[in-house]
1. Looking at (1) among the small types (G, A, S); (2) over 12 Å from Q38 (Cα atoms); (3) within 19 Å of the chain's Cα centre (by Cα), can you tell me which one A94 breaks?
2. Among the residues of segment 86-136, write down those that are polar (S, T, N, Q) and in contact (Cβ under 8 Å) with a residue 24 or more places away in the chain.
3. Among the candidates L128, L48, L68, which residue alone is closer than 24 Å to D7 by Cβ, open to solvent by less than 70 Å² (accessible area, probe 1.4 Å) and of a type outside the set (G, A, S)?
4. Of H2, H36, which residue is exposed (fewer than 15 other Cβ atoms within 10 Å of the Cβ), at pLDDT below 90 and under 12 Å from the mean Cα position of the chain (by Cα)?
5. On the basis of being modelled with pLDDT under 95 and open to solvent by less than 10 Å² (accessible area, probe 1.4 Å), does L12 make the cut?
6. Name the pairs: first residue in segment 70-82 and more than 11 Å from I37 (Cα to Cα) and in contact (Cβ under 8 Å) with a residue 24 or more places away in the chain, second residue charged (D, E, K, R) and open to solvent by 10 Å² or more (accessible area, probe 1.4 Å), Cβ to Cβ under 7 Å, at least 6 apart or on different chains?
7. Would you point out the residue of segment 71-91, among those that are open to solvent by 30 Å² or more (accessible area, probe 1.4 Å) and among the polar types (S, T, N, Q), that is farthest from A114 (Cα to Cα)?
Amino acid sequence: MHGSPADEDEYLISMRDAWGPLQTVEAQFNFFGHTHIQGGFFIDGGVLFKLAPAYKTRNGAEICEIKLKKNGRYLINPGSVGQPRDNDWRAACALYDEDRNTISFLRIPYDVRAAQIKIIRAGLPDRLAYRLREGR
């Protein structure tokens, strides 16, 4: 989904925002975006938790692997590759491993300057180029 199960333009930023959607989703794992903020929320036994990646460096990238609870329901935001909103310029993505029952959040450096030049040359608004380095 883009925003939330209720509305594609709804922001899921806080635990308060996530409470209602986690009560209504039927699927155990629900991926969303819109905020461009990597992480998420889950509910287990009626208790709400926030997923906030704590990265470890591996092969030049940073990764945070989280073991998922079998009875939890999740709202997971993989982040953004470009146009970040969480003060981190690196490309953000997530990998779900069904066999291991894990989600891995990754942060990967890329050539921001080259991307900025392409944005400007394409005639897109300058703020889109500047935002890449600032991460917001």
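1. Just one mismatch for A94, condition (2).
2. N87, N101, T102, S104
3. Numbers: L128 fails: closer than 24 Å to D7 by Cβ; L68 fails: closer than 24 Å to D7 by Cβ.
Answer to the selection: L48.
4. On the way: H36 fails: exposed (fewer than 15 other Cβ atoms within 10 Å of the Cβ).
Sole residue among the options that is exposed (fewer than 15 other Cβ atoms within 10 Å of the Cβ), at pLDDT below 90 and under 12 Å from the mean Cα position of the chain (by Cα): H2.
5. On the way: modelled with pLDDT under 95: yes; open to solvent by less than 10 Å² (accessible area, probe 1.4 Å): yes.
Considered against the rule, which asks whether it is modelled with pLDDT under 95 and open to solvent by less than 10 Å² (accessible area, probe 1.4 Å), L12 comes out as yes.
6. Filtered contacts from segment 70-82: N71/D44; G72/D44.
7. N71
For (1) of a type in the set (S, T, Y); (2) over 14 Å from the mean Cα position of the chain (by Cα); (3) closer than 22 Å to L12 by Cβ, each residue gets a yes or a no:
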{"residue": "F41", "(1), (2), (3)": "no, no, yes"}
{"residue": "K50", "(1), (2), (3)": "no, no, yes"}
{"residue": "N77", "(1), (2), (3)": "no, no, yes"}
{"residue": "D99", "(1), (2), (3)": "no, yes, no"}
{"residue": "I108", "(1), (2), (3)": "no, no, no"}
{"residue": "K118", "(1), (2), (3)": "no, yes, no"}
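The values are calculated or read from the model by the stated rules, or taken from the named source; none is laboratory data. Every value quoted in this text rests on a predicted model; they were computed, and no experiment measured them. Glycine gets a Cβ as well: all are built from the backbone with ideal geometry, and neighbour counts include every protein chain shown. In case anyone asks, the SASA skips ligands and DNA or RNA and just uses the protein heavy atoms, side chains included. Shrake-Rupley method; radii C 1.70, N 1.55, O 1.52, S 1.80 Å.
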